[in-house]
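Visitor: Starting off with a structure, shown below.
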Amino acid sequence: MFQFLNSGDKKNGAILHIKCLKKWTPSVLIILLLSILNLNALAQKINAKYELNIKPATSEIKIDGDVSEQAWNDAELASNFFMVQPMDTSFAKLRTDVKMTYDKDHLYIIAICYHEPGPYFVESLRRDFAFGKNDNFLIFMDPFNDLTNGFSFGTNAAGAQWDGIMYDGSKVDLSWDNKWTSAVKNYPDRYVFEAAIPFKSIRYKQGITRWGINFSRMDLKSSEKSSWTPIPRQFATASLGYTGSLVWDQPPPVPGQNISVIPYVLGGISNNHLTSPIHRDDRGEIGGDIKIAINSSLNLDLTVNPDYSQVEVDRQVPNLDRFELFFPERRQYFLENGDLFANFGYQNIRPFFSRRIGLGVPIQYGARLSGKLNKDLRISLMNMQTENTGASDPAQNFGVIALQRRVFARSSISAIVINKQSLNFSAANSAAGVSRYNRVAGLEYNLASANNTWTGKAVSMKSFSPNRRGKDMMQAANLRYWTGNWDLNWQHEYVGINYNAEVGYVPRRGYVHLNPSASYLFFPKAGKLVSHGPKFFSSNYLNESFKPTDNTNYVAYSLNFRTRATFTAWTAHDYVKLLQPFDPTNAGIATLPTGSEHSWNSFGTEFVSRPQSLYTFSFSTRYGGYYADGTRLNVTTEFGYRFQPYVSFALSSSYNDIKLPNPWNNRKFWLVGPRLDVTMTNKLFFTGFVQYNEQSDNINVNTRVQWRYKPASDIFIVYTDNYIPTPFSVKNRFLVLKMTYWWNI
């Protein structure tokens with residue numbers, strides 16, 4: 001791929017030079033060659049012949065799920081949907097009719113979704129529901145007509161809203177939240193979805209008269225997923241590469257001034273019962289966000305004294321890993337429009353991970369500029385400033401800039417620069433292990449063919465840190481071939497021992513990783529199975545001298561039922577040579593020595609029940625060898641029941657039984673987490689869950705009430721407890737009342 005070399009005046013910073021690395025050239029050449037081979041296919045949109053003409057509304061429209069307005073009688077009809085699953089060779093059995101129109105302020109859509117007699121299936125009225133567990137209708141828009149970026153809106157059959165920003169051609173980021181209105185009206189044989197989407201709530205290229213568009217329907221009663229345009233069943237209906245065209249009679253209206261101010265006010269109490277006397281802390285804060293549309297395709301987000309107290313706490317998991325566990329980002333400011341940052345690298349070599357910013361340290365202010373500079377060029381720029389809370393947490397500034405240039409029709413080349421700078425750096429900060437600065441820069445090439453058959457990535461990053469030079473690069477590439485039957489993937493990674501991404505997630509360094517995988521699916525024409533087939537992957541870690549340190553060979557067989565239930569059985573062989581001392585129970589008892597070698601065999605199963613049932617069940621099992629010639633049994637389950645659409649209950653559990661020689665002996669521990677969701681309406685929600693973690697000796701209770709009293713404006717009440725299980729006693733308690741208001745200027 002590319003290599004960044006440090007040269008020039010070290011005092012004034014590094015000058016970056018790019019040099020092709022011969023040892024990674026084959027992967028890069030393969031991806032570039034495939035892009036060139038796909039160039040002709042990319043020139044023509046696959047479903048270009050599917051068009052829906054849109055013209056101004058001929059009457060006023062009231063969002064109530066009623067199709068009687070004259071505007072809907074005069075609008076053009078999109079119908080004759082195609083079945084995507086369980087088969088993709090015929091029209092859908094269930095009829096869906098869609099119409100669209102607009103006025104100077106709003107884009108309107110109405111969908112009539114016919115179904116078989118009987119009740120619909122939904123989880124709840126909660127916003128941004130799980131697609132595969134709800135009867136739903138969704139719209140996917142590509143307002144730049146670039147097959148890569150867009151927006152999604154929709155509801156389930158009970159009226160719960162779904163909205164998200166789209167990226168990478170088929171992914172939907174549901175953390176994006178904006179102002180729009182919708183209604184669902186139910187009849188014995190159909191439900192009607194109607195929505196008004198303000199032009200100010202989306203971004204689009206001015207002056208163009210063709211948008212990518214598609215409509216998706218999920219009906220669990222018949223187990224049918226359908227789409228307005230034909231899509232192969234192995235791909236998501238969200239795939240923008242398979243959209244048709246929304247043809248405007250004139251360019252869409254240019255939105256006027258678009259500035260939103262979203263202030264919050266917060267009051268809270270926290271008690272720490274581990275101190276004597278009990279320490280009480282009273283909170284009273286104000287802050288907020290400002291969203292400024294620079295133009296119809298570029299947005300500036302500002303935040304001052306942000307607060308994330310309403311965000312759910314992390315879901316605890318058993319920790320038997322040798323490396324740092326990954327917990328996903330949940331703070332909305334970092335999630336919205338964050339795909340360009342977050343997509344660099346791979347799952348375990350992320351150069352940027354937003355949870356490194358301000359988690360446990362107050363953020364003073366921040367700014368983010370994101371969007372399209374033109375049809376082919378995207379930009380995302382963010383700057384965040386944290387407070388000084390002590391020698392180990394000095395005031396720090398985090399700056400990130402990413403640029404993405406589309407090449408061919410759906411592939412892209414991206415660049416990123418990340419800077420973490422400690423302000424007013426002192427000897428006390430250095431003694432506390434804080435670095436004066438840390439920087440990472442790199443390039444990434446993403447391949448995406450027109451029909452998604454070929455995808456891949458090649459990435460190279462270099463870090464810049466005091467006293468860390470040489471072997472400070474990360475390079476990786478993968479290439480995937482995916483058809484209806486075959487799924488083949490090759491991936492390799494190299495992370496130098498001095499590669500230091502302090503604002504990233506890189507749990508291990510100094511290795512080469514080779515990871516091929518292959519699977520094949522059979523598609524019976526009849527019977528209870530939609531598909532079934534084997535899967536194989538091999539994960540091989542080597543040190544920088546190319547000597548093996550870890551190896552996993554895994555073989556599985558999966559069954560996918562027409563009811564949407566799934567079952568998998570697998571077996572695996574593991575080998576580990578420890579690179580540092582490790583306690584196989586993570587309980588602080590004793591450690592296995594560096595350099596000791598361990599190998600074992602194991603097997604297991606995974607099952608997920610059909611989502612149509614009011615009662616749902618899933619489990620996974622694992623039994624086999626473990627470190628030090630021991631054994632490990634793990635059973636994970638989740639039971640769920642719903643009183644649709646208002647109440648859903650889930651009980652998850654994980655049990656580990658580990659048998660080892662002295663001094664560990666037999667260790668057993670549970671992780672249990674009941675959860676209750678109550679959705680009184682699609683604007684009033686209650687969530688409560690308990691997590692008992694025997695391994696960490698903690699019980700966590702978290703409850704949250706959310707009232708969306710106006711579009712995108714909320715009141716939250718959050719209460720959290722932490723307890724010591726034995727003897728049962730309180731560690732700490734938190735109570736927060738927070739109010740936000742979305743004000744359009």
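The values are calculated or read from the model by the stated rules, or taken from the named source; none is laboratory data. In this text, all values refer to a predicted model and were calculated from it rather than measured experimentally. Don't worry about glycine lacking a Cβ; one is built from the backbone with ideal geometry, like all the others, and counts go over all protein chains shown.
Visitor: For residue 257, all conditions in the list (1) assigned by TED's automatic domain parsing to the domain that holds residue 201; (2) in a loop (DSSP other than H, G, I, E, B) hold save one; what is the number of the exception?
Guide: It is condition (1) that residue 257 fails.
Visitor: Moving to a separate point now. Checking residue 470 against (1) on the phi > 0 side of the Ramachandran plot; (2) at pLDDT 95 or above, only one condition comes out false. Which one?
Guide: In the conditions (1) on the phi > 0 side of the Ramachandran plot; (2) at pLDDT 95 or above, residue 470 misses (2) alone.
Visitor: If only one of 215, 151, 199 is under 17 Å from residue 102 (Cβ atoms) and within 20 Å of the chain's Cα centre (by Cα), which one is it?
Guide: 151
Visitor: Same structure, new question: Going residue by residue through region 678-693, is there one that turns out to be touching an Asp or Glu at 6+ places or on another chain (Cβ under 7 Å) and farther than 16 Å from residue 126 by Cα?
Guide: Taking every residue of region 678-693 in turn, none turns out to be touching an Asp or Glu at 6+ places or on another chain (Cβ under 7 Å) and farther than 16 Å from residue 126 by Cα.
Visitor: Could you check region 592-635 and list, in sequence order, the residues that are of a type in the set (Gly, Ala, Ser), surrounded by 16 or more Cβ atoms within 10 Å (Cβ to Cβ) and closer than 16 Å to residue 661 by Cα?
Guide: 624, 625, 630
Visitor: Working carefully through the options 277, 251, find the one that is free of Cβ contacts under 8 Å to residues at least 60 places away in the same chain, in contact with a Gly (Cβ under 6 Å, 6 or more places away or on another chain) and exposed (fewer than 15 other Cβ atoms within 10 Å of the Cβ).
Guide: 251
Visitor: Oh, and also: With the condition being under 19 Å from residue 372 (Cβ atoms), I'd like the strands (runs of 3 or more DSSP E) fully within region 171-243 carrying at least 1 qualifying residues.
Guide: So the answer is 171-173, 190-198, 210-219.
Visitor: Related question: Which one of the conditions (1) crowded, with 17+ Cβ neighbours inside 10 Å; (2) within 23 Å of the chain's Cα centre (by Cα); (3) among the hydroxyl-bearing types (Ser, Thr, Tyr) does residue 481 fail to meet, given that it meets all the rest?
Guide: All conditions pass for residue 481, except number (1).
Visitor: Residue 297 versus (1) crowded, with 20+ Cβ neighbours inside 10 Å; (2) at pLDDT below 90; (3) under 20 Å from residue 738 (Cα atoms): which is the lone unmet condition?
Guide: Only one criterion in (1) crowded, with 20+ Cβ neighbours inside 10 Å; (2) at pLDDT below 90; (3) under 20 Å from residue 738 (Cα atoms) is unmet by residue 297, namely (3).
Visitor: Also, quick follow-up: Determine which single condition residue 408 fails, assuming it passes every other condition in (1) over 20 Å from the mean Cα position of the chain (by Cα); (2) surrounded by 20 or more Cβ atoms within 10 Å (Cβ to Cβ).
Guide: Here residue 408 meets the rest and fails (2).
Visitor: Pairs only if they're at least six apart or on different chains, beta carbon under 6 angstrom, first in region 513-536 and closer than 30 Å to residue 576 by Cα, second of a type in the set (S, T, N, Q) and surrounded by fewer than 15 Cβ atoms within 10 Å (Cβ to Cβ); list them, first residue then second.
Guide: 520/485
Visitor: Could you please find all residues in region 272-327 being more than 24 Å from residue 712 (Cα to Cα), among the β-branched types (Val, Ile, Thr) and more than 22 Å from the chain's Cα centre (by Cα)?
Guide: 275, 278
Visitor: Here's another thing I want to ask about it. Looking at region 542-579, which of its residues are under 24 Å from residue 320 (Cα atoms) and free of Cβ contacts under 8 Å to residues at least 24 places away in the same chain?
Guide: If the condition is that a residue be under 24 Å from residue 320 (Cα atoms) and free of Cβ contacts under 8 Å to residues at least 24 places away in the same chain, then 552, 553, 554, 555, 556 are the ones that fit.
Visitor: Same structure, new question: Those residues that are closer than 15 Å to residue 53 by Cβ and of a type in the set (A, V, I, L, M, F, W, C), I need them from region 83-102; list them, please.
Guide: 98, 100 - these are the residues of region 83-102 that are closer than 15 Å to residue 53 by Cβ and of a type in the set (A, V, I, L, M, F, W, C).
Visitor: Out of region 402-428, which residues are assigned to a strand (DSSP E or B), under 23 Å from residue 448 (Cβ atoms) and of a type outside the set (Lys, Arg)?
Guide: Those that are assigned to a strand (DSSP E or B), under 23 Å from residue 448 (Cβ atoms) and of a type outside the set (Lys, Arg): 402, 403, 404, 407, 411, 412, 413, 414, 415, 416.
Visitor: Looking at 424, 374, which one is closer than 24 Å to residue 303 by Cα, surrounded by fewer than 18 Cβ atoms within 10 Å (Cβ to Cβ) and of a type in the set (S, T, N, Q)?
Guide: Answer to the selection: 424.
Visitor: Now a separate question. So which residues in region 206-215 are surrounded by fewer than 24 Cβ atoms within 10 Å (Cβ to Cβ) and modelled with pLDDT of 90 or more, if there are any at all?
Guide: Within region 206-215, 209, 210, 211 qualify.
Visitor: Let me ask something else. Inside region 295-346, can you point out the residues that are of a type in the set (A, V, I, L, M) and outside any loop (DSSP other than H, G, I, E, B)?
Guide: 298, 300, 302, 304, 335, 340, 342
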